[in-house]
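**Q** Take a look at this one; I'll ask things after.
Since every read-out is calculated from the coordinates, none of them should be taken as a lab result. Owing to the predicted nature of the structure, the values given are computational and were not obtained by experimental measurement. Here Cβ is always computed from backbone atoms with ideal geometry, including for glycine, and neighbour counts include all displayed protein chains.
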Amino acid sequence: MAAKNIKGLYSNNRRRETNAVTCSVPYVLGAADLREGTPQEVVITADAYTCLTIPANCIVTAVNLVIEAGAEYGTGSTVGVKLGAIDVITAGATDAAGLIAGTNVPALVDGSSEDLIITPALAGTSTEDSVIKVVVEYTDYDLATVSYIGID
């Protein structure tokens with residue numbers, strides 16, 4: 001017995017989009033401005049930073065830490081990245097250029113949205129060029145586009 005064809009029903013042929021977002025945490029959060037009376041640069045501290053909210057009903061397919069050459073933090077510095085309560089990067093090195101792939105993905109964000117939280121652990125001496133970049137890829141499985149996949 002052949003399977004019943006429901007390709008055109010229940011939004012089965014509607015396209016979904018995959019999204020990629022980059023979150024950045026620079027060492028210098030606010031530059032000095034003598035005209036405004038800011039006497040020194042505002043720099044990052046070892047604190048938690050909420051950088052992004054992933055909407056509900058999404059599948060997070062990848063979380064990657066990217067450190068570009070020339071943008072490294074001080075020697076021994078690391079970062080942790082959480083998606084809600086899930087650790088996706090634990091102690092990723094930010095003192096050497098490279099890419100660190102997150103763990104515990106794919107992850108399901110259902111029911112309510114989840115924050116992406118970046119927590120640096122600073123060591124050594126960083127520069128004004130130092131920056132943490134986290135690239136997040138996710139697909140919203142409920143929200144569809146107006147584009148359709150062809151039906152046989």
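**Q** What trypsin sites (Lys or Arg not before Pro) does the range 14-92 have in DSSP loop regions with at most 16 other beta carbons within 10 Å?
**A** Within the range 14-92, the qualifying trypsin sites (Lys or Arg not before Pro) (loop, at most 16 other Cβ atoms within 10 Å) are Arg15, Arg16, Arg35.
**Q** Right, here's the next one. Can you put Ile89, Ile6, Ile59 in order, fewest other beta carbons within 10 Å first?
**A** In increasing order of surrounding Cβ atoms, one gets Ile6, Ile59, Ile89.
**Q** Separate question: For Asn5 and Tyr141, FRET efficiency with R0 = 25 Å and r from the beta-carbon atoms, rounded to 0.05?
**A** Details: r = 22 Å, r/R0 = 0.87.
Using R0 = 25 Å, I get an efficiency of 0.70.
**Q** Under 5 Å between amide H atoms, partner at least 5 residues away or on a different chain: which partners does Val88 have, H built in plane at 1.01 Å?
**A** Val81, Lys82, Leu83
**Q** Would you mind calculating the gained length between Asp87 and Val21 on full extension (0.36 nm times residue separation, minus the Cα-Cα distance), in nm to one decimal?
**A** Full extension of this stretch gives 21.9 nm more.
**Q** Please give the charge dipole size of the chain, origin at the Cα centre, charges +1 on K and R Cβ atoms and -1 on D and E Cβ atoms. Round to the nearest 20 debye.
**A** On the way: 8 positive and 18 negative charges, 161 e Å.
It comes to approximately 780 debye.
**Q** Hey, got a sec? Which GluC sites (Glu not before Pro) in the range 110-150 land in a DSSP loop and have at most 16 other Cβ atoms within 10 Å? Before the final figure, lay out the partial values.
**A** Values: sites: Glu114, Glu128, Glu137; in loops: Glu128.
Here the sparse-neighbourhood loop sites are Glu128.
**Q** Starting from 0 in steps of 5 Å, tell me what percent of the Cα-Cα pairs of the range 1-75 lands in each bin.
**A** Per 5 Å bin, starting at 0, the Cα pair percentages come out as 3, 9, 13, 14, 13, 11, 9, 7, 6, 5, 4, 3, 2, 1, 1, 0.
**Q** With 17 Å as the cut-off, how large is the P(r) tail for the range 18-140, expressed as percent of Cα-Cα pairs?
**A** Values: 4157 of 7503 pairs.
Distances greater than 17 Å cover 55 percent of the Cα pairs.
**Q** Can you tell me which of 92-103, 62-73 comes out highest on packing, and rank the rest after it, using the mean Cβ neighbours within 10 Å? Walk me through the numbers on the way to the answer.
**A** Values: 92-103: 17.1, 62-73: 18.7.
With the highest mean Cβ count within 10 Å placed first, the list reads 62-73, 92-103.
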